[in-house]
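Quick notes on the structure that follows.
Coordinate-derived values only; no laboratory data. Quantities reported herein were computed from a predicted structural model and do not represent experimental measurements. Neighbour counts are summed over all protein chains in view; Cβ atoms, including those assigned to glycine, are modelled from backbone coordinates with ideal geometry.
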Amino acid sequence: MKTLMDPMDIECLVTSDSITVYFEKPENLRENYQYQIFFNGTMAGESEKTHFLLEGLESSTEYSVQVKVVCGGNVLAESAIEQVRTYAAKRRLDVTKAPYQAAGDGNGMDTQAIQSAIDDCTAGDVVYLPAGIYRTGALRLHSDMELYLEEGATLQGTDQPEDYLPRIWSRFEGTEMYCYSSLLNMGELDHKSGPDCENILIRGKGTIASGGKTLAKRIIRLERERLKDELAALGDKIRECEKPETVPGRVRPRLINISNCKNVRISGLTLKDGASWNVHMIYSDNIVTDHCRFHSEDVWNGDGWDPDSSSNCVIFGCLFYTGDDSVAIKSGKNPEGNEISRPTLNIKVFDCKCAFGHGITIGSEMSGGVENIRIWDCDMGDSLRGIEIKGTKKRGGYVRNVQVRDCKAASVLFHSVEYNDDGIGADTAPVFEDCTFENVWITGRCLDHDGAFYDTDCMELIGFDEPGHALKNIFLKDITLGTAGEDKKQTIVLKACEGLTIQNVRCL
């Protein structure tokens with residue numbers, strides 16, 4: 001019997017009535033295999049995905065969990081048996097009931113009612129939103145709490161800038177600054193400190209939405225007026241920014257802001273229309289997002305999920321319709337990111353699909369370093385970029401040890417970009433190195449913002465021209481280029497690339 005990995009490592013996400021088990025895909029799986037999930041010694045189901053949800057469990061009850069990889073009746077790998085206990089049943093704080101009396105009718109403002117329920121919530125409670133539309137401004141969560149949105153419940157942030165005051169110390173595009181409060185806020189940003197907020201669960205079958213494009217435009221207009229003298233003083237240097245709105249746009253709120261937090265989970269929800277990025281975690285650890293839908297199609301900088309100088313963050317089972325990157329992995333921008341030097345480490349992205357947006361990116365803000373990224377079973381075929389690792393020559397820092405397996409992508413890009421290039425440059429150019437792509441289908445067919453497909457090079461492997469900063473040690477194995485039956489570019493563009501290994505690349 002062939003053994004791939006013995007034992008496998010598994011992780012269990014627990015609520016009072018469910019257990020979600022997930023695990024990293026064992027290496028060298030190329031056969032007709034299944035994952036078998038066992039609860040209390042009995043097989044609860046089979047799956048081709050590296051996660052499994054069991055609902056309807058008893059609270060305060062211990063369960064045993066085990067995963068086996070099976071092919072043709074043979075066990076190829078298995079995990080140790082994990083003992084997991086569901087949480088105790090929680091007292092429900094219904095925001096529509098006394099003493100809170102939220103209207104939930106989409107007309108009045110429910111900020112005060114919901115914030116009062118949040119403030120009252122202890123570790124033994126859950127803030128509960130039944131079906132309805134709850135108009136609100138910025139809300140502030142705290143440690144040891146749960147927020148649950150029932151199916152049909154929408155936590156709807158307004159499109160009025162004054163509802164997202166006061167400004168809070170935050171970080172956007174790699175630079176710390178005062179930004180408008182996000183719709184949901186947790187933790188206090190401090191790059192010299194560890195977590196100051198922990199153990200938050202946000203889940204359900206409802207929607208968390210903000211003011212999107214309208215809110216963004218209103219904030220940019222206000223900020224442009226506030227900064228008119230500074231913007232005028234920039235002169236030609238404004239051209240180093242992406243667009244004229246870049247500087248005033250940096251103060252926009254996110255949908256969910258997670259700063260200096262630990263152990264936060266967001267599960268099962270629709271997340272939409274942040275005025276910029278949707279879920280942004282900064283200087284945080286162990287942030288998990290699963291089974292969510294992201295919508296921000298018409299929002300500039302409408303990223304989905306952005307780990308930023310954070311560690312041990314996981315996203316899986318999510319679907320993206322985003323106006324920018326589906327996932328964007330970051331660690332600060334020169335010169336501040338180099339000086340703070342807090343890398344992003346140990347990020348896992350799996351079983352995610354991009355239906356609209358840019359795909360999965362690392363950078364361009366990566367001055368603090370990015371290391372140990374695992375991506376598997378993702379479909380980024382219908383995207384503008386696919387999988388992109390990017391920086392500017394000013395950035396400094398590094399990206400290394402990225403592993404992509406069993407994925408589909410519009411393209412794969414390692415390259416320098418010219419936008420968002422203001423700021424004092426680092427002493428040396430960045431380094432991209434030690435990256436593996438295995439069993440990846442690269443279509444060379446990108447989906448643009450107008451919903452039309454166009455042909456592109458399948459891969460750009462382009463490092464930095466300065467000596468010692470070429471792209472290094474890239475390994476390609478079992479790569480498929482192009483789309484069957486269509487005459488497309490199927491090229492790999494190479495420049496400033498050292499240590500490229502290619503095994504079994506075929507063109508359709």
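Once the chain from His449 to Ala80 is taken as fully extended at 0.36 nm per residue, the excess over their C-alpha distance is 128.2 nm.
Label sites at Arg167 and Glu31, each approximated as a point 7 angstrom past Cα along Cα to Cβ, lie 6.1 nm apart. Each Lys or Arg adds one and each Asp or Glu takes one away; over the other residues whose Cβ falls under 14 Å from the Cβ of Tyr128, this sums to -2.
With each label modelled as a point 7 angstrom along the Cα→C-beta vector, the Glu55-Leu508 pair spans 3.4 nm. For segment 87-183, the convex hull drawn through the C-alpha positions has a volume of 123 cubic angstrom per residue.
Expressed per residue, the C-alpha convex hull volume of segment 5-85 stands at 78 Å³.
A compact globular protein would have a Cα radius of gyration near 2.2 N^0.38 Å; the ratio found for segment 352-508 is 1.00. The slack in the chain from Glu418 to Tyr178, taken as 0.36 nm per residue of separation less the alpha-carbon distance, amounts to 83.9 nm.
The mean sequence distance of close C-alpha pairs (under 8 Å, at least 6 residues apart), as a share of the length of the chain, puts its relative contact order at 7 percent. Based on alpha-carbon atoms, the Kirkwood radius and the radius of gyration of segment 90-324 give Rg/Rh equal to 0.97.
Taking the convex hull of the alpha carbon positions in segment 1-149 and averaging its projected area over all directions gives 11.2 nm². Dipole magnitude for the chain: about 280 debye, using +1 per Lys or Arg Cβ and -1 per Asp or Glu Cβ, origin at the Cα centre. Descending by average beta-carbon neighbour count within 10 Å, the peptides 190-203, 494-507, 257-270 line up as 257-270, 190-203, 494-507, the highest first.
How many angstrom lie between the Cα centre of segment 446-502 and the Cα centre of segment 333-401? Cα centres, segment 446-502 to segment 333-401: 16 Å. Across segment 5-85, the mean sequence separation of Cα contacts (distance under 8 Å, 6 or more residues apart), normalised by length, yields a relative contact order of 35 percent.
Summarising the overall dimensions of segment 200-331 from its C-alpha atoms, the Rg and Dmax are 15.7, 49 angstrom. Relative protection proxy for 325-332, 106-113, from highest mean packing down: 325-332, 106-113 (other beta-carbon atoms within 10 angstrom). Computed on segment 375-465, with alpha-carbon pairs under 8 angstrom and 6+ residues apart, the relative contact order is 36 percent. With a Förster radius of 22 Å applied to the C-beta separation of Arg140 and Lys243, the computed FRET efficiency comes to 0.10.
Sorted on the mean count of surrounding Cβ atoms within 10 Å across their residues, most packed first, peptides 42-53, 402-413 read 402-413, 42-53. Please work out the FRET efficiency for the pair Leu234 and Asp105, using the Cβ-Cβ distance as r and a Förster radius of 41 Å; give the result to the nearest 0.05. Plugging the Cβ-Cβ distance into 1/(1 + (r/R0)^6) gives 0.35. Values of log10 I(q)/I(0) for segment 240-310 across q = 0.16 Å⁻¹ run -0.58, by the Debye formula with one identical scatterer at each alpha carbon and no solvent. Summing +1 for each Lys or Arg and -1 for each Asp or Glu among the other residues whose beta-carbon sits under 13 angstrom from that of Val264 gives -3. How would segment 339-392 be classified by its alpha-carbon gyration tensor: rounded, prolate or oblate, with rounded meaning a/c under 1.5 and the a/b versus b/c comparison settling the rest? It is oblate, given that a/c is not under 1.5 and a/b is not larger than b/c.
Adding -39500 (n - 2.57) for every DSSP H run of four residues or longer, then dividing by how many residues the chain holds, sets the calculated 222 nm ellipticity at -2000 deg cm²/dmol.
What the Cβ-Cβ distance of Arg92 and Glu339 gives, at R0 = 35 Å and to the nearest 0.05, is a FRET efficiency of 0.15.
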